[in-house]
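K.L.:
Below is the structure I would like to discuss, written out as structure tokens.
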């Protein structure tokens, strides 16, 4: 059976945790930050885990993670 290809664009945006969950950064912190309040920007700094239904797709994109 041939090797599976890792989706490199997704691999740059997400990482696997030790327990096998997929960690990602939150969206909305790139630009137009003046209208967003400090609490919102602070919350966007933190990482979050990919939600349940999306993990199946994400695992296919990161086969050897």
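Read-outs: derived from the displayed coordinates by stated rules, not from any lab. This structure is a prediction, so every number in the text was calculated from the model and none was measured. Heads up, the Cβs are rebuilt from the backbone with ideal geometry, glycines too, and the neighbour counts pull from every protein chain shown.
K.L.:
Considering only strands (runs of 3 or more DSSP E) fully contained in the chain, which possess at least 3 residues that are out of contact with any helix residue (DSSP H, G or I) (no Cβ under 9 Å at 6 or more places or on another chain)?
P.N.:
Values: elements: 14-16, 22-25, 47-49.
Qualifying strands (runs of 3 or more DSSP E): none found.
K.L.:
Residue check, residue 4 against (1) on the phi < 0 side of the Ramachandran plot; (2) free of Cβ contacts under 8 Å to residues at least 60 places away in the same chain, all met but one. Which one?
P.N.:
For residue 4, the exception is condition (2).
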